[in-house]
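Student: Structure below; questions to follow.
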Amino acid sequence: MVGRVLLLADVHSNLRALHAVLEDADRWGGFDTLWLLGDVVGYGPEPNECIDVLRRHSLVAVAGNHDVGVLDSAELVRFNALAAAACRWSRSVLNQESLQFLEPLPHMHVKASFLLVHGSPRDPIWEYIVHADQAAEVLDSCCQSHVLVGHTHRPAICRAKKDGAAHCQVPRDGDVVRLDGRLLINPGSVGQPRDGDPRASYAVLDQDLGAITFHRVCYDVGGAAAAILRVGLSEALARRLHAGY
Ligand code: ZN
């Protein structure tokens, strides 16, 4: 077992947010390995640069819907117009090393008591877990006691209760969650948070302490928005970063 694990989801080619998260994680004691819960690319202006930074770390990664969308244009019918256009643009600029990083990504990965997936174990690429009843079904049917997801771009903790239901909470910056019982955890989005808080979101799993800590960190949102416009992506994708939606 590796002690401290940085949990990241939905980086979405936002290099400024990714750098801010890595620097902030170092300030809080660093990490030994990085678990990436899908959607490295899409929406943002720096897909190659983000993949390059991530590959330098000890890394376990699963694919998200945008990672799949840039590789397979047949998948783009499932995206809205803005997301599909960003996938097409990303595909047009991805270099060979980036494609080689994305192509073999599995849809799920198991590490001891943890299951890593972008959406959900029953629909790894596409299901958004937004309700407690979905979390309860997943936790009830999953072999692993800790399910780590992304995709909604909102941090969440859902805990299975004795009666089979689940209780979900929105973690705040600095919240610590003990890994007792069956849990579904979403660290939130690095590169495009959608909970009204524009700060990059991530979490750190400390396996020695048996706990996950949630973090938010400010980054250069203006710079990221300007970079989106510079490469010709939609102004709507730039605007949403400022408000975190
Ligand atoms: Zn995403």
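Student: Examine the stretch 125-143 for a residue that is farther than 21 Å from L18 by Cα, of a type in the set (D, E, K, R) and not in a helix (DSSP H, G or I), and state whether such a residue exists.
Tutor: yes
Student: So E75 ticks every box in (1) within 16 Å of the ligand (Cβ to nearest atom); (2) assigned to a loop (DSSP other than H, G, I, E, B); (3) without any contact (Cβ under 8 Å) to a residue 24 or more places away in the chain but one. Which box is left unticked?
Tutor: (2)
Student: While we're looking at this one, here's another question. Which residue pairs have Cβ atoms under 6 Å apart, sit 6 or more places apart or on different chains, and have a first residue in the stretch 28-55 that is over 21 Å from T213 (Cβ atoms) and open to solvent by less than 10 Å² (accessible area, probe 1.4 Å) and a second that is more than 16 Å from the ligand (Cβ to nearest atom) and of a type in the set (S, T, N, Q)?
Tutor: Pairs that qualify, where the first residue is over 21 Å from T213 (Cβ atoms) and open to solvent by less than 10 Å² (accessible area, probe 1.4 Å) and the partner is more than 16 Å from the ligand (Cβ to nearest atom) and of a type in the set (S, T, N, Q), are I51/S98.
Residue by residue, here is whether (1) over 19 Å from A9 (Cβ atoms); (2) surrounded by 23 or more Cβ atoms within 10 Å (Cβ to Cβ) holds:
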{"position": "V62", "(1), (2)": "no, yes"}
{"position": "S73", "(1), (2)": "yes, no"}
{"position": "A84", "(1), (2)": "yes, no"}
{"position": "C87", "(1), (2)": "no, yes"}
{"position": "H107", "(1), (2)": "no, no"}
{"position": "L116", "(1), (2)": "no, yes"}
{"position": "R122", "(1), (2)": "no, no"}
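Student: Another question, if that's okay. Please list, ordered by first then second residue, the pairs with beta carbon atoms under 6 Å, 6 or more apart or interchain, first in the stretch 233-245 and more than 16 Å from D197 (Cβ to Cβ), second open to solvent by 100 Å² or more (accessible area, probe 1.4 Å).
Tutor: So the pair list comes out empty.
Student: Taking the options P171, P106, P187, name whichever one is away from the ligand (no atom under 16 Å from the Cβ), at pLDDT 95 or above and under 16 Å from L34 (Cα atoms). Let's see the steps before the verdict.
Tutor: Numbers: P171 fails: under 16 Å from L34 (Cα atoms); P187 fails: away from the ligand (no atom under 16 Å from the Cβ).
After applying the criteria, what remains is P106.
Student: Still on this structure, I have one more. Restricting attention to the stretch 96-105, does a residue exist that is open to solvent by 40 Å² or more (accessible area, probe 1.4 Å) and within 30 Å of K162 (Cα to Cα)? Don't jump to the end; show me each part of the working.
Tutor: Here is the first cut: in the stretch 96-105, the ones open to solvent by 40 Å² or more (accessible area, probe 1.4 Å) are 96-97, 100, 103-104.
Cutting the leftovers down to within 30 Å of K162 (Cα to Cα) gives us none.
No: zero hits.
Student: Okay, next question. Is the stretch 2-10 home to any residue that is touching a strand residue (DSSP E or B) at 6+ places or on another chain (Cβ under 6 Å), open to solvent by 10 Å² or more (accessible area, probe 1.4 Å), modelled with pLDDT under 95 and farther than 26 Å from D123 by Cα? Full working, then the answer.
Tutor: If we filter the stretch 2-10 for residues that are touching a strand residue (DSSP E or B) at 6+ places or on another chain (Cβ under 6 Å), which is where we start, we get 2, 4-8.
Among the residues that remain, those that are also open to solvent by 10 Å² or more (accessible area, probe 1.4 Å) are: 2, 4.
Going one step further and asking which of them are modelled with pLDDT under 95, we end up with 2.
Narrowing the set further to residues that are farther than 26 Å from D123 by Cα leaves 2.
Within the stretch 2-10 (the criterion being touching a strand residue (DSSP E or B) at 6+ places or on another chain (Cβ under 6 Å), open to solvent by 10 Å² or more (accessible area, probe 1.4 Å), modelled with pLDDT under 95 and farther than 26 Å from D123 by Cα), the answer is yes, since at least one residue qualifies.
Student: Hey, another quick one. Looking only at the stretch 140-157, how many residues end up being away from the ligand (no atom under 16 Å from the Cβ) and under 22 Å from A63 (Cα atoms)? Talk me through it step by step, then tell me what you get.
Tutor: Let us first name the residues in the stretch 140-157 that are away from the ligand (no atom under 16 Å from the Cβ), namely 140-147, 157.
In the following step, the residues that additionally are under 22 Å from A63 (Cα atoms) were identified as 141-147, 157.
Counting residues in the stretch 140-157 that are away from the ligand (no atom under 16 Å from the Cβ) and under 22 Å from A63 (Cα atoms) gives 8.
Student: Scan the stretch 117-139 and tell me whether some residue there is away from the ligand (no atom under 16 Å from the Cβ) and within 22 Å of V40 (Cα to Cα). Don't jump to the end; show me each part of the working.
Tutor: Filtering the stretch 117-139 for residues away from the ligand (no atom under 16 Å from the Cβ) gives 121-122, 131-139.
In the following step, the residues that additionally are within 22 Å of V40 (Cα to Cα) were identified as 121-122.
Scanning the stretch 117-139, I find at least one residue that is away from the ligand (no atom under 16 Å from the Cβ) and within 22 Å of V40 (Cα to Cα), so the answer is yes.
The values are calculated or read from the model by the stated rules, or taken from the named source; none is laboratory data. All figures in this text were calculated on a predicted structure; none of them were measured in a lab. Neighbour counts run over all protein chains shown; Cβ positions are idealised from the backbone, glycine included. Just the protein is used for accessible areas: all its heavy atoms, side chains included, with ligands, DNA and RNA removed. Shrake-Rupley method; radii C 1.70, N 1.55, O 1.52, S 1.80 Å.
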